[in-house]
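Enquirer: Shown below is the structure under consideration.
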Ligand SMILES: Nc1ncnc2c1ncn2[C@@H]1O[C@H](COP(=O)(O)OP(=O)(O)OP(=O)(O)O)[C@@H](O)[C@H]1O
Ligand SMILES: [Mg+2]
C-alpha cells in the first residue's frame, strides 16, 4: 500500500513534468505538437552523449540538454509552425513526421539498441517498505518545483499574464500591447526545455531508445484530453490520476499493462466527453 | 499637426476591398465619431489603425507612420482600442484583464488603475470576478478600462453602446465625456446611433460602403436636414 502510494506520487510527478510542456503549447498556441516526444528523445540522448560519452559533469549535461531543447523548440516554431500559420492539420502532420525523422536520425547517430542511463542522482532509500530511488525522487521534486514555479509565473508576472492572455484571446492580447508571436516563441522555448528535461529523467527512469517518444506523447495527450487542457493545476491533477492508475494496474494486475489503461482512458474520455479537446484551454 | 492622420487608406480582406481611399485627421483633444450602417467599414477602419488588417495608404500618429508595425508596437506608440467584440480574457479576473493592458505601460500602473476604477467604480467592486460571467455593460467597461491601462494618447472605441440598456448606455457615454473633459484624451468612436454620436462627438464622419461620404461638425450635420434624411433615415 505505501509502496503504491509512494510510487504513485513519484511517477505522477514525472508524468506531470512530461505533460506540462505539451499542454503549454496547446493552450497558448492551440497546436497539438505531436513531435513533443522528440524533445524527450533529444534531451535524453543529448544528456547521454554529453555526460556518459564525453564525460561532462551530470549537471552540465542536464543544462545543455535543456538549452538544446529550447533551441529546437524555437527553431520548430520559426521554421514550421509560423510559416504554416493557422493550418492546424498541416502543423500536426508535419510535427508527427518530424518526430519520426528525429527517431531515424537518432538511430543513425547512436544505433538502434537501447542504452542505460546512469541515474542522475544515485542512491536508494527505503520508506515504509517502499524502495525509492533518489533519481525518481529528484524527478518528482523538480517537476513539482517547476509546476509551482510556472503557476506563480503565470499568475503574478506581467510576462506570465501575457502568456495566459494569448491563450485566451490573441487579438485581445495584441491590442493590450502583447506580441503574440513573441509569446508563442517563448512558449515553444519553454516547452522544448521542459521536454528535454523530462526526457533526461524519463530515460533514466526507463531506458534510452530511439522510439522513446511514443509513450510520453501518449501520456501528454492523455493529460490534455482528460481535462488538464493546458491548465497547470489541471495538468498536475490529471498526471496523478494517470500515474496512480498505472502504478496500481502494473503492480496489482500485470506489469504488461503499463500504458494500456492510459490509452483506454483517452478513448473513454473522447467518447463520453467529445468536446474535451476543444473545451476551455487556458493556462 | 493633427494627432492622428489617415491618408488615402484602403483596406483589404484577401481580395475584397473594405475601405477605399479614406482620409481624415483627428486633432488632439477632439471627440470624433464615425457613423455608418452595418458593413460600412467602421470596424475595419479601427482594426486598420491597430495593424490588424492589410492596408495601403498611410496612418500617422504624431507624424509617425503606424503602417506595417505590429499591433503591440502601435499600442506602445499610444493607441488604445476597445474593439467591437471586446476580446476580453474570458477566464481571467477583471483586475487581471486590466493588468494585461498595462503590459507596455508599467510605470504608472497604480495611477492608471485608480483612474479606471474611478471612472467605472463597478470594476473595483467586481475586481475578482471572471469576465466571462459579467454583463454586457460591465464587459464594455472592462474593455475600455483595459484600453486606458495602455496609457493611450488616443482611445478608439467600436460601438461603445451597442446592445446596452439606457442606464448603462448613459454611464458609458458619461465616462467617455468625462475622460475627454478631465484628461483631454482624444477619442474616436464608431456608432450606428446617430443621436448618440451627435450628442457626444464634436466631429463626425459618415461612412458608406468603405468610403467617407460626408464630414462635418456635429452642429453642421444636425442642421443639415437633407443629410439627416439621406444618411440617417429620419
Ligand atoms: N475578417 C473579414 N474577412 C472578410 N471580410 C470582412 C472581414 N471583416 C469585415 N469584412 C467585410 O468588410 C466590410 C466592412 O465590415 P466592418 O465590420 O468594418 O463594418 P462595420 O461598419 O463595422 O459594420 P457593423 O456596424 O455591422 O459592425 C463588410 O463588407 C464585411 O463583410
Ligand atoms: Mg463593426
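Enquirer: How large is the translational diffusion coefficient of the range A:13-213 in µm² per second when you combine the Kirkwood radius over alpha carbon pairs with Stokes-Einstein at 4 °C and 1.567 mPa s?
Expert: Approximately 74 µm²/s, per Stokes-Einstein.
Enquirer: Mind pulling up the Rg/Rh value for the protein assembly as shown? Radius of gyration and Kirkwood radius, both on Cα.
Expert: We get a ratio of 1.08 for the protein assembly as shown.
Enquirer: Let me ask something else. Could you list B:85, B:126 so that the one with the fewest beta carbons within 10 Å of its beta carbon is first and the one with the most is last?
Expert: B:85, B:126
Enquirer: Distance between Cα centroids, the range A:1-48 to the range A:149-186: provide it in whole Å.
Expert: Between the Cα centre of the range A:1-48 and that of the range A:149-186, the gap is 22 Å.
Enquirer: In 10 Å bins starting at 0, how do the alpha-carbon pair distances of the range A:57-171 split up by percent?
Expert: Calculated P(r), rounded to whole percents: 10, 23, 33, 24, 9, 1.
Enquirer: Suppose a student asked you for the relative contact order of the range A:13-213, using Cα pairs under 8 Å spaced at least 6 residues apart; what percent would you report?
Expert: 46 percent
Enquirer: Rank the residues A:179, B:21 as a footprinting-exposure proxy: fewest other Cβ atoms within 10 Å of their Cβ go first.
Expert: Placing the least packed residue first, the sequence is B:21, A:179.
Enquirer: While we're on this one: Relative to the longest principal axis of chain A, what angle (0 to 90°, nearest 10) does the C-alpha long axis of helix A:2-29 take?
Expert: The helix A:2-29 is inclined about 20 degrees to chain A.
Enquirer: State the Kirkwood hydrodynamic radius of the range A:1-68 in Å, one decimal place, computed from all pairs of distinct Cα atoms.
Expert: The Cα-based Kirkwood calculation yields 13.8 Å.
Enquirer: On to the next question. When the expected Rg is taken as 2.2 N^0.38 Å, what fraction or multiple of it is the alpha-carbon Rg of the range A:95-233?
Expert: 1.28
Enquirer: Debye sum, Cα scatterers, the range A:202-268, no solvent: what log₁₀ I/I(0) at q = 0.12, 0.24 1/Å?
Expert: With no solvent term, the Cα-only Debye profile gives -0.31, -1.11.
Enquirer: Let me ask something else about it. What residue among A:57, A:180, A:210 shows peak mean-square fluctuation when chain A is described by a Gaussian network model with Cα springs under 10 Å?
Expert: A:57
Enquirer: Using only Cα positions of the range A:1-124, each an equal point scatterer, no hydration layer, compute I(q)/I(0) via Debye at q = 0.17 Å⁻¹ and quote the log10 values to two decimals.
Expert: The computed values of log10 I(q)/I(0) come out as -1.01.
Enquirer: Okay, next question. Given the rule -39500 (n - 2.57) for each run of at least 4 DSSP H residues, summed and divided by the residues of the protein assembly as shown, what is its mean residue ellipticity at 222 nm, to the nearest 500 deg cm²/dmol?
Expert: Counting only the DSSP helices, I get -17000 deg cm²/dmol.
Enquirer: Using the Kirkwood radius over Cα pairs, work out the Stokes-Einstein diffusion coefficient for the range A:64-116 at 25 °C and 0.890 mPa s, in µm²/s as a whole number.
Expert: It comes out at roughly 195 µm²/s.
Enquirer: Another question, then. Helix A:134-156 versus the longest principal axis of chain A: what is the Cα-based angle in degrees, 0 to 90, to the nearest 10?
Expert: Around 20 degrees separate the two axes.
Enquirer: Looking only at Cα atoms, what is the convex hull volume of the range B:126-165 per residue, in Å³?
Expert: 76 Å³
Enquirer: To continue, here is another question. Any chance you could run the full-extension gain for residue B:15 through residue B:181? It's 0.36 nm times the residue separation minus the Cα-Cα distance, nm to one decimal.
Expert: 55.6 nm
Enquirer: Next up: How big is chain B by Rg and Dmax over its Cα atoms, in Å?
Expert: Cα-based Rg and Dmax for chain B come out at 17.1, 50 Å.
Enquirer: At a Förster radius of 25 Å, what calculated FRET efficiency corresponds to the Cβ-Cβ distance of residue B:1 and residue B:217, to the nearest 0.05?
Expert: My answer for the efficiency is 0.80.
Enquirer: Here's a follow-up. Please report how far the C-alpha centroid of the range B:131-191 lies from that of the range B:90-120, rounded to the nearest whole angstrom.
Expert: The distance from the Cα centre of the range B:131-191 to that of the range B:90-120 comes to 14 Å.
Enquirer: Using Cα-Cα distances under 8 Å and only pairs 6 or more residues apart, what relative contact order does chain B have, in percent?
Expert: Taking the mean separation of contacting Cα pairs over the length of chain B, I get 27 percent.
Enquirer: Here is a further query. Using the count of nearby Cβ atoms within 10 Å as a rough guide to exposure, how do B:62, A:76, B:167 rank from fewest to most?
Expert: Least to most surrounded, the residues fall as B:167, B:62, A:76.
Enquirer: Which value, to two decimals, describes the C-alpha radius of gyration of the range B:41-172 once divided by 2.2 N^0.38 Å?
Expert: 1.05
Enquirer: To the nearest 10 degrees, how steeply does helix A:58-76 sit against the main Cα axis of chain A, on a 0 to 90 scale?
Expert: The answer is roughly 30 degrees.
Enquirer: Compute the length gained on full extension between residue A:3 and residue A:53: take 0.36 nm times their separation in residues and subtract their Cα-Cα distance, giving the result in nm to one decimal.
Expert: 14.5 nm
Enquirer: Where both residues lie in the protein assembly as shown, what percent of DSSP beta bridges are antiparallel, nearest 5?
Expert: Expressed as a percentage, antiparallel bridges in the protein assembly as shown total about 60.
Laboratory data are not the source of any read-out in this text; all were calculated from the coordinates shown. Computed from a prediction, not measured in an experiment: that's the story for all the values here. Glycine gets a Cβ as well: all are built from the backbone with ideal geometry, and neighbour counts include every protein chain shown.
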